[in-house]
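The values are calculated or read from the model by the stated rules, or taken from the named source; none is laboratory data. Bear in mind that the values here come from a model prediction, so they are computed numbers and not experimental data. Positions of Cβ are generated from backbone atoms using ideal geometry, with glycine treated the same way; all protein chains shown enter the neighbour counts. Side chains included, ligands, DNA and RNA excluded: accessible areas come from the protein's heavy atoms. Shrake-Rupley method; radii C 1.70, N 1.55, O 1.52, S 1.80 Å.
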Amino acid sequence: MSFIDHLEALRWHIIRAAIAVVAFATVAFFAKDFLFHDLILGPSRSDFWTYRMFCRFGQWIGAPELCMDKIGFVIQNREMSGQLTMHISTSFTVGLVLGFPYLFWELWRFIKPGLYPHEQANSRGAVFFVSVLFAIGLLFGYYVAAPLSINFLAGYVVDATIENQIDMQSYLSTLTTMSLSCAFVFELPMIVFFLAKAGLITHEIMRMYRKHAIVVILVVAAVITPPDVSAQIIVTIPILLLYELSIHIARVVRRNSTRRLNEQLAQNQGIS
């Protein structure tokens, strides 16, 4: 295919992906009550699932202070068209999130023909695992990282006379940033998989720089969470586990590549 033909193929992949995003965004737009009352504003209420689980855990270990009976802030809108704009932008964001597996599938369909047959075979299931890791990270961010951040920031006061009246856009920004950051961070195993396939990283290098990676992970956890030690620890632990899983993935990729090269060498020697 010529360069123009590639652009034409890419254009249709982008069009189909855009149609999917618009379709999901339209569904989210008309599901306004569920989208905002149950989904978006859920972490702002004390009956949210995460807060109830923390309360049960606190009762189990004898730490009643883990119960979050009240969220100390009020969400408000300060602009005339603020709620309409927020409704549209939030629906579009939800459309992107729900359409992410299809977006990646379209991207993969564009890239896949340019791979060698063995590369296509080795990358089988990439769309599935990327989508699963994205969903797990998104759920972790929504149910763990975001509620902890919102609860900490809402309860932090410098003086009891100051009332927290949070703008809706600020609340949405915190919720979206926490959730999407975790969703993309959880893609670490797949990123390592492709880098290992390309020979750009090995499990030996990852083990050698494990201490440096821990520092980077701590920094990332500090960036995507509020300055609360407990929240940072809760976010750091799964990222560390993902890093260890990525080391194992890199080792498996290296072993499979070595075995394939040995088989090819034996076959070539047999032919000669």
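Measuring from each cysteine beta-carbon in the chain, the ones with no other cysteine beta-carbon under 4.7 angstrom are CYS182.
Counting only protein heavy atoms, what percent of the accessible surface of the stretch 75-223 is carbon or sulfur at a 1.4 Å probe? The partial results should precede the final answer.
Numbers: 5840 of 8560 Å².
For the stretch 75-223, the apolar C and S fraction of the accessible surface comes to 68 percent.
Taking a straight Cα-Cα cut-off under 18 Å and skipping sequence neighbours fewer than 8 places away in the same chain, the lysines within cross-link reach of LYS112 are LYS197. Taking every full run of DSSP H in the chain, the ones that stretch at least 24 Å from end to end by Cα along their long axis and average -0.5 or higher on the Kyte-Doolittle scale are 3-30, 168-185, 229-271. From its DSSP helices (H runs of at least four residues, each -39,500 (n - 2.57)), the chain gives a residue-normalised ellipticity at 222 nm of -23500 deg cm²/dmol. Fully extending the segment from GLN59 to ILE233 would add 60.5 nm, taking 0.36 nm per residue of separation and subtracting the current Cα-Cα distance.
Which shape class, rounded, prolate or oblate, goes with the stretch 45-185 when its Cα gyration tensor gives a ≥ b ≥ c as root eigenvalues, a/c under 1.5 marks rounded, and past that a/b bigger than b/c marks prolate? Each step should come with its number before you reach the end.
Numbers: a/c = 3.76, a/b = 1.72, b/c = 2.19.
Judged from the Cα gyration tensor, the stretch 45-185 comes out oblate (a/c at least 1.5, b/c at or above a/b).
Looking at the square roots a ≥ b ≥ c of the eigenvalues of the Cα gyration tensor of the stretch 153-214, which shape do they give, rounded for a/c under 1.5, prolate if a/b is larger than b/c, or oblate? Intermediate results must be reported in sequence, preceding the final value.
On the way: a/c = 7.41, a/b = 2.59, b/c = 2.87.
It is oblate, given that a/c is not under 1.5 and a/b is not larger than b/c.
How charged is the neighbourhood of LEU261? Take every other residue with its Cβ under 13 Å from the Cβ of LEU261, and add Lys/Arg as +1 and Asp/Glu as -1. Overall, the nearby charge balance is +3. Sort out for me the Cα centre separation of the stretch 93-110 from the stretch 63-85, rounded to whole Å. Comparing the Cα centres of the stretch 93-110 and the stretch 63-85, I get a distance of 31 Å.
Of ILE239, ILE166, which has the most accessible area with a 1.4 Å probe, and how do the rest follow in descending order?
Details: ILE239 10, ILE166 50 Å².
Per-residue accessible area, sorted high to low, gives ILE166, ILE239.
Taking a ≥ b ≥ c as the square roots of the eigenvalues of the alpha-carbon gyration tensor, the chain is classed oblate because a/c is 1.5 or more while a/b is no larger than b/c. Considering only VAL144, VAL94, VAL74, the mean-square fluctuation computed in a Gaussian network model of the chain, springs between alpha carbons under 10 angstrom, is largest for VAL74.
With R₀ set to 51 Å, the beta-carbon distance separating THR26 from VAL215 gives a calculated FRET efficiency near 0.70.
Taking 8 Å as the Cα distance limit and 6 or more residues as the minimum spacing, I'd like the relative contact order of the stretch 16-156 as a percentage. If you can, show how the numbers build up before the last one.
On the way: 91 pairs, mean separation 52.6, N = 141.
Relative contact order, the stretch 16-156: 37 percent.
Test of understanding: in a Gaussian network model of the chain with alpha carbons linked when under 10 Å, which of LEU66, LEU103, LEU148 would top the mean-square fluctuation ranking? Ranking LEU66, LEU103, LEU148 by mean-square fluctuation puts LEU66 first. Highest GNM mean-square fluctuation among PHE152, PHE92, PHE128, for the chain modelled with Cα contacts below 10 Å: PHE128. With a cut-off of 12 Å between beta carbons, the residues surrounding ILE75 carry a summed charge of +1, where Lys and Arg count +1 and Asp and Glu -1. Rolling a 1.4 Å probe over the protein heavy atoms gives the stretch 155-272 an accessible area of 61 Å² per residue. Distance from the C-alpha centroid of the stretch 160-187 to that of the stretch 38-60: 16 Å, rounded to the whole angstrom. ASP5 to HIS87: extension gain in nm, 0.36 nm per residue of separation minus the Cα-Cα distance? Value of the extension gain: 25.7 nm.
Please give me the summed charge of the neighbours of GLU204: other residues whose Cβ is under 12 Å from its Cβ, Lys and Arg +1, Asp and Glu -1.
Details: positive: ARG207, ARG210, ARG251, ARG254; negative: none.
Around GLU204, the charge tally is +4.
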